[in-house]
Amino acid sequence: MSGDNTILVVDDDQSIVELLRDFLENDSFQVKTACDAEEAWAIFQQHPIQCMVLDIMMPGQNGFELCRRIRAESPVPILFLSARSDDVDKIRGLTLGGDDYIVKTASPGEIVARVKAVLRRSATRQPVEGRVLDYGRLRLNLSTREVVVEGNNVVLTPKEFELLRLFAEHPRHVFTYEQLLAKFWDGVGDRHTIRVHLSRLREKIEADPNQPQFLVNVWGVGYRFEGR
């Protein structure tokens, strides 16, 4: 399964980087390494990366911030690597779009096994390229990040697009205020923050923002996407 899969290992601890590189290369993976987020971002922009093993605590930009940056452009599998085992970091990492969370006490062999597992899961996903979510008068092209309403292109901000994408990919699923704050605002803000952004989004995609057909409020809980 390894084949041409290239793994990017990002950690400021050189001993961990070298150990993981040795184990991954022994399993026929191609490995690139970085010691901080900026170096990792440069490598990610220049080379096709199939999976990333990403440390959380690094000098400068941390792993969470780099994950958010990458998720704005790519669904590449990300495994967080952390010295901390508490649930707060784990939940935050998975909420930001991480595919797995590994404590550094795990053996290199286990980490390689987890890399293989997320690669198997990602291989079964429908590729983003060419994916179009079509709800009649509303269409989202996930490859070009274009939104068309009744045949007209609608310009969304990056955050508006990601909000709409989350809802459109999970029709009828209720997302709570807390979940939306954690995913898009790093837990900072309140319900008013969400209401303002959803109101602006409705103005762009709804025929009548006061009688929404797509983004429906679930009173006291959050919002759901009707997809009709």
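Points worth noting:
- Rounded accessible area per residue of the chain, 1.4 Å, Å²: 51 Å²
- Taking the DSSP bridge list for the chain and keeping only pairs wholly inside it, about 50 percent are antiparallel.
- Here the 3J(HN,Hα) profile of segment 61-67, calculated from phi with Karplus coefficients 6.51, -1.76 and 1.60 at θ = phi - 60°, is 5, 7, x, 4, 5, 5, 4 Hz, Gly and Pro shown as x.
- Evaluating 6.51 cos²θ - 1.76 cosθ + 1.60 at θ = phi - 60° for every residue in segment 43-58, the Karplus couplings come out as 5, 4, 6, 9, 9, x, 10, 9, 6, 10, 9, 10, 5, 8, 8, 9 Hz, glycine and proline recorded as x.
- Size of segment 1-134 as Cα extents on the principal axes (Å, biggest first): 47, 32, 28
- Measuring how big segment 111-228 is from its alpha-carbon positions, Rg and Dmax come out at 15.8, 51 Å.
- Per-residue ³J(HN,Hα) for segment 188-205, Karplus 6.51 cos²θ - 1.76 cosθ + 1.60, θ = phi - 60°, Hz, x for Gly and Pro: 9, x, 8, 4, 4, 4, 5, 4, 5, 5, 5, 5, 5, 5, 4, 4, 8, 10
- Of all lysines in the structure, those lying under 27 Å Cα to Cα from K32, and not within fewer than 8 positions of it along the same chain, are K90, K104, K116.
- Label assignment, Cα extents along the principal axes in Å derived from the structure, set (i) 63, 35, 32; (ii) 49, 41, 32; (iii) 58, 35, 27: (iii)
The values are calculated or read from the model by the stated rules, or taken from the named source; none is laboratory data. Model, not experiment: these values are computed from the prediction. For accessibility, only protein heavy atoms count, side chains too; no ligands or nucleic acids. Shrake-Rupley method; radii C 1.70, N 1.55, O 1.52, S 1.80 Å.
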